[in-house]
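Heads up: the structure comes next, in structure tokens.
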Amino acid sequence: MEPKKIVIAMDSFKGSATSLELADWLESGIHRVQPDIQVTKIPIADGGEGTIAALMLALNGRCLTVEVNNPLGEATKAFFGITDQQVAFIEMAKASGITLIEQTEANALQASSYGLGQLIVAALDQGAKEIYVGIGGSATNDGGVGMAQALGVSFKDAHGQEIAPGAAGLAELATIDISQLDPRVSQTAFHMLSDVANPLTGDNGAIRIYGGQKGLPEHRMAEVDGWMQQYRQRISDLVGEDIGARAGAGAAGGVGTALMAFCQADFYQGIDKILELLQVEKQMATANAVITGEGFMDAQSINGKAPIGIAKMAKRYDLPVIAIVGGAADELAPLYEAGIDLVLGAVNRPMTLAEAMDHVKINVINAGETAARALMI
Ligand SMILES: O=C(O)[C@H](O)CO
């Protein structure tokens, strides 16, 4: 076969090369073999680091940086993306992420999602009419109360005082007042892109499953989950539905619940929605082959990671799929079953990780050449 159009949709090699760099290098390797082949490069991310940048490149949008509160209320810079069509993309982890603070018991109880709310306000100030909020990787356990406060919702204790920030505040919650909710919220379509589908409370809920990674010790779990259950009940009383039971309500320490309750957000999990926004399928419809890949590929990649989503999509068009990887697990059968036809390691001789990172450009150019030759067999 002589492919005429190859779609390159690579995830980044984290810490080593971006999705677009990899695509550029692969393209030059492919053109060594067949200079006239059309290469369409789509920057890809799986909802984690780099997602907004990839989306803004693909959709011709721009990134804006604003000052917001980090989970402990200290000033930090975070950015969001917005397109000319007034569609905004926000990543919660930029403002309220787990990497921004230390994982201690005190922080797990105090961390607030207020900064995420500030990012939403900043997007509304720019005229956003539709907002995608990527949630996950958060430091917070506050049920999304901080986010909602930034949007004007008031959460008071039995003495009429605004509750303290973080999960600790949920213990005192008596009333929720939405009368001052920013009126722009109801005129805006919110979509939540979540990394997980957990409910808000219980054995599979936000606190018991993700509280530990944020610093909450085992012996506090039942107590904090109890506060969260009271919050779930108050939300249910307010909106007339047990939102906390919905898939994704427990994402990001319960931010999922607040987005659904106060912003009427719909819920998406995994890579599919991002691939749709990146218009990957449109490009595949006219392609002859697809190259995807990521830094390290293993059975985990099956669980919603970008290259597998891309491979599955490519198979709808019967396209051969080559995955270029920095490294791969011994057992590759699940990846081949999921639609990848060939996993091609970019490293061509034994080398240390540091060497591989130094040589990444030349290795990936060579891998592009090899992939093009394989496609011509
Ligand atoms: O932020 C979190 O709590 C986890 O990533 C699950 O959403």
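Bear in mind that the values in this text are calculations on the coordinates, not laboratory data. Everything quoted here is computed from the prediction, not taken from an experiment. Methodologically, a virtual Cβ is constructed for each residue, glycine included, from the backbone with ideal geometry; neighbour enumeration extends over all protein chains shown.
Worth pointing out:
- Cα-based helix-to-principal-axis angle, 306-316 vs the chain, degrees rounded to 10: 60
- Treating each Cα of the chain as one equal point scatterer and applying the Debye formula with no solvent, the log10 of I(q)/I(0) at q = 0.10, 0.14 Å⁻¹ comes out as -0.67, -1.10.
- Nearest 10 degrees, 0 to 90: helix 19-33 Cα axis against the chain principal axis: 10
- DSSP assigns beta bridges within the chain; of those with both partners inside it, close to 30 percent run antiparallel.
- Rg/Rh (Cα only; Kirkwood hydrodynamic radius) as it applies to segment 155-296: 1.09
- Kirkwood analysis of segment 247-323, using all unique Cα-Cα pairs, places the hydrodynamic radius at 14.2 Å.
- Nearest 10 degrees, 0 to 90: helix 360-376 Cα axis against the chain principal axis: 60
- Estimated FRET transfer efficiency when R0 is 45 angstrom, pair SER236-GLU102 (beta carbons, to 0.05): 0.85
- Every helix of 4 or more DSSP H residues in the chain counts as -39500 (n - 2.57), and over all residues that averages to -10500 deg cm²/dmol at 222 nm.
- For LYS273, the lysines whose Cα comes closer than 28 Å to its Cα, not counting residues fewer than 8 places off in the same chain, are LYS4, LYS5, LYS14, LYS41, LYS77, LYS94, LYS129, LYS214, LYS282, LYS305, LYS312, LYS315.
- Ranked by how many other beta carbons lie within 10 Å on average, peptides 242-252, 277-287, 166-176 from highest: 242-252, 166-176, 277-287
- Computed FRET value (nearest 0.05) for ILE377 with HIS31, which takes r as the C-beta separation and R₀ as 22 Å: 0.75
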